[in-house]
1. Can you pull out the residues in the range 41-92 that are at pLDDT 85 or above and in a loop (DSSP other than H, G, I, E, B)?
2. I'm trying to understand the selection: among the residues of the range 2-35, which are open to solvent by less than 70 Å² (accessible area, probe 1.4 Å), assigned to a helix (DSSP H, G or I) and of a type in the set (S, T, Y)?
3. Would you point out which residue out of L122, L38 is surrounded by 10 or more Cβ atoms within 10 Å (Cβ to Cβ) and either more than 30 Å from A3 (Cβ to Cβ) or at pLDDT below 80 (or both)?
4. Return the pairs, sorted by first residue and then second, in which the second residue is charged (D, E, K, R) and open to solvent by 50 Å² or more (accessible area, probe 1.4 Å), the first residue lies in the range 49-65 and is in contact (Cβ under 8 Å) with a residue 12 or more places away in the chain, the beta carbons are less than 7 Å apart, and the residues are 6+ apart or on different chains.
5. Do we have L104 as in contact with a Leu (Cβ under 7 Å, 6 or more places away or on another chain), outside any helix (DSSP H, G or I) and modelled with pLDDT under 85 here?
Amino acid sequence: MDAEAQDSFRDFVANRSSALLKTAVLLTGGDRHAAEDLLQNALVKVAGRWRRIDEPEAYVRQILYRQQISRWRLKWRRREFSVAEPPEAPAGTDSSSAAELRLLMRGALARLTDRQRTVLVLRYFEDLPEGDVARILGCSVGTVRSTTHRSLARLRALAPELAGLGPADKGPQPRSRDYSPVEVRP
């Protein structure tokens, strides 16, 4: 790239990168780090072809769209998750706090596939019946049931700390304060 083209490319990046980054953030679902990577990769591709491009912004946007679609199509996406604390809970902390459970659930849901996460959110957070979820996703009720089953199994594997939090997993509950819990042995 000659000096004139290099100056032109630098001007383009300086003037349009913020707007392009906003597009990339929307494409990545709000993940700013992934958006920055997406935009940087697109700009690297554009830099090599700069002199032959008539509409640079449209060209960069097209690259952004295609790269993001390629990420969706990958069977396995390598994702990195930043955490503020180590995964092991320090001794003496209350692991059932509402904020910690939300963070744990958010992290576990983020590691599911898009389809698995969507089915669980529609079924359990939006509280929609299987028929409505099937209609929204354009699949059969049986597919919703099997996806829900596999998604819950994967969620339990990804976050074993969540086991035992739901009412179905707690076993028999006492009927009043007069009863003490009975230990059930196999």
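The values are calculated or read from the model by the stated rules, or taken from the named source; none is laboratory data. Keep in mind the model is a prediction, meaning the values are calculated, not measured. Here the Cβ positions follow ideal geometry from the backbone for every residue, glycine too, while neighbour counts run over all protein chains shown. With ligands, DNA and RNA removed, areas are computed over all heavy atoms of the protein, side chains included. Shrake-Rupley method; radii C 1.70, N 1.55, O 1.52, S 1.80 Å.
1. R49, I53, D54, E55
2. S8, S17, T23
3. Checking each option against the conditions leaves just L122.
4. If the second residue must be charged (D, E, K, R) and open to solvent by 50 Å² or more (accessible area, probe 1.4 Å), the pairs left are E57/R16; I63/K45.
5. Details: in contact with a Leu (Cβ under 7 Å, 6 or more places away or on another chain): yes; outside any helix (DSSP H, G or I): no; modelled with pLDDT under 85: yes.
Against the criterion (in contact with a Leu (Cβ under 7 Å, 6 or more places away or on another chain), outside any helix (DSSP H, G or I) and modelled with pLDDT under 85), L104 does not qualify.
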